[in-house]
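K.L.:
One structure follows; several queries about it will come next.
The values are calculated or read from the model by the stated rules, or taken from the named source; none is laboratory data. Because the structure is predicted, anything quoted here is derived from the model rather than measured. Neighbour counts run over all protein chains shown; Cβ positions are idealised from the backbone, glycine included.
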Amino acid sequence: MIVQQPTEDQRLAVESFRKFLQSEIRPIAREYRDRHIPKEKMREILQATAEFGLPGATVAVEHGGMGLSMVTEAMLFEELCAVSVDIGLCVMINKGMALTLSELPESQWHLRDRYLPDMVAGRAFAGFCISEPDVGSNVADIKVAARRDGDHFIINGEKTWISNGHYADFVFVTAKTGPKELSHILVDRKEHGFESRNIDKIALNGQSTAQVFFSDTRVPVTNIIWEEGNALKNTMKVFEKARANVGMLSVGLMRAALEASVAYSRERKQFGKPIAAHQLVAAKIAEMGTALDAARLLCYRAFSMMDAGIRCDIQSSMAKLFATEAAVKVCRDAVQLHGGNGLTKEFDVERLAREAIVIPIPDGTSEIQKLVISRGLTGIAAFV
Ligand SMILES: Cc1cc2nc3c(=O)[nH]c(=O)nc-3n(C[C@H](O)[C@H](O)[C@H](O)COP(=O)(O)OP(=O)(O)OC[C@H]3O[C@@H](n4cnc5c(N)ncnc54)[C@H](O)[C@@H]3O)c2cc1C
């Protein structure tokens, strides 16, 4: 069944995680509002959230994870994102990388066994490097090259917009390994070497979005992830999981915006009554709540298909498209509902509105999601 009430176990897990987030993480999120969270501090946060399952929630128990379903993990993840999308984004990348490592084929278990335990425990950071200065939506055009030299690759070039990039202890790099071949290669910062630099953005500067530079980086061929030359196909599998998760970042934002708006509209009085008693404000609250629930349900549908082992590229794209665009509107409406106060740093909604603008861009823009969805529905690609 796609939509169901939380089980008792899910309810208890969410409740205790929520309590922990309110007492331990919310104060940190406040302290670092619009400021970069240093790596050591972020590591402390990751290790604390690891106690509640994230980032190894869906990793099988025999690999040190909790073996939870994608839907259960999404419930926990929403709680985190409603408190801090900065921390949510960092955890999202790490949990995606942990799950990927845990599912590597037998020939790559040496990489799984070396990197997975630290990921699950929240001790290590990872990043996934696809985008480049001249390569965004068109992933097939990647320029970063991995030239074969005996039993090593030599990697040169720049990746950009890499989430966790400045924190990362290791990254998966999508690189050209032949004239028309792309492959994923695991590169370790200490062992093989890469440099990184944070990018300053409109919002979400608490976590790291970074440029990553490779300069004659020498990596053994045994660090290939999945099959050599098959990166495009495998990237689509990564996007299938990632896009619904990006949708959940926006669900968290909408939750925070709605909660703030409900509280404010009950407190703030104009024309002799709470603004919630004015019908246009009531309508706004109703639309915000409906958008939040619709976005969450679309994300849950994708996650429940993943749990059932059903490929869900289109459903995941729909979840991302709807949730991220809905959050832009909901968070903007939250500012409007707060009047002048909504524009000040004293209230959270101005930050939420800035954060919401960021999220429709990563893991394929809204335009690209529309192209993926329409191709799925018509069978005709309209990318070029
Ligand atoms: C916060 C954040 C985190 C990110 N994290 C990562 C990460 O961890 N790893 C990583 O590799 N990348 C990451 N990215 C990069 C992200 O995936 C790209 O920014 C995104 O794919 C868009 O690429 P671009 O910015 O180069 O825009 P472009 O591809 O240059 O697009 C510019 C505009 O043109 C539109 N457009 C492009 N092609 C078409 C088309 N065929 N039809 C219609 N419209 C089109 C786009 O929708 C967009 O509006 C991140 C980005 C952000 C903002």
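K.L.:
Does S102 qualify as being within 16 Å of the ligand (Cβ to nearest atom), of a type in the set (S, T, N, Q) and under 19 Å from the mean Cα position of the chain (by Cα)?
P.N.:
Taking the combined requirement at face value, the residue does not satisfy it.
K.L.:
Sticking with this one: Within 14 Å of the ligand (Cβ to nearest atom), closer than 30 Å to Y264 by Cα and in a helix (DSSP H, G or I), is that true of E287?
P.N.:
When the stated conditions are applied, E287 does not pass them.
K.L.:
Could you please give the count of residues in the range 371-384 that are without any contact (Cβ under 8 Å) to a residue 60 or more places away in the chain, farther than 14 Å from A323 by Cβ and in a helix (DSSP H, G or I)?
P.N.:
5
K.L.:
Only one residue in V71, V139 is closer than 24 Å to K180 by Cα and surrounded by fewer than 24 Cβ atoms within 10 Å (Cβ to Cβ). Which one?
P.N.:
V139
K.L.:
Working only within the range 346-368, note down all residues that are within 9 Å of the ligand (Cβ to nearest atom), free of Cβ contacts under 8 Å to residues at least 60 places away in the same chain and not in a loop (DSSP other than H, G, I, E, B).
P.N.:
S366
K.L.:
Additional query: K176 - would you say it is out of contact with any helix residue (DSSP H, G or I) (no Cβ under 8 Å at 6 or more places or on another chain), modelled with pLDDT of 95 or more, in a loop (DSSP other than H, G, I, E, B) and under 17 Å from G229 (Cα atoms)?
P.N.:
Considered against the rule, which asks whether it is out of contact with any helix residue (DSSP H, G or I) (no Cβ under 8 Å at 6 or more places or on another chain), modelled with pLDDT of 95 or more, in a loop (DSSP other than H, G, I, E, B) and under 17 Å from G229 (Cα atoms), K176 comes out as no.
K.L.:
Within the bounds of the range 193-211, is there any residue that is of a type in the set (K, R) and within 26 Å of Q369 (Cβ to Cβ)?
P.N.:
Taking every residue of the range 193-211 in turn, at least one turns out to be of a type in the set (K, R) and within 26 Å of Q369 (Cβ to Cβ).
K.L.:
Can you spot a residue in the range 24-31 that is within 22 Å of R296 (Cβ to Cβ), of a type in the set (D, E) and outside the structural domain of S196 (by TED's automatic domain parsing)?
P.N.:
no
K.L.:
Only residues that are among the small types (G, A, S) and assigned to a strand (DSSP E or B): list them for the range 120-173, please.
P.N.:
Matches in the range 120-173: A126, G127, A145, A146, G157, S163.
K.L.:
Can you tell me which residues in the range 200-224 are hydroxyl-bearing (S, T, Y), within 14 Å of the ligand (Cβ to nearest atom) and touching a His at 6+ places or on another chain (Cβ under 8 Å)?
P.N.:
Matches in the range 200-224: S208 only.
K.L.:
From the list K201, K237, which residue is out of contact with any Pro (no Cβ under 6 Å at 6 or more places or on another chain), part of a loop (DSSP other than H, G, I, E, B) and surrounded by fewer than 18 Cβ atoms within 10 Å (Cβ to Cβ)?
P.N.:
The unique qualifying residue is K201.
K.L.:
Let me ask another. Do you know which of the residues in the range 330-345 that are part of a helix (DSSP H, G or I) and among the polar types (S, T, N, Q) is nearest to the ligand (Cβ to nearest atom)?
P.N.:
Q336
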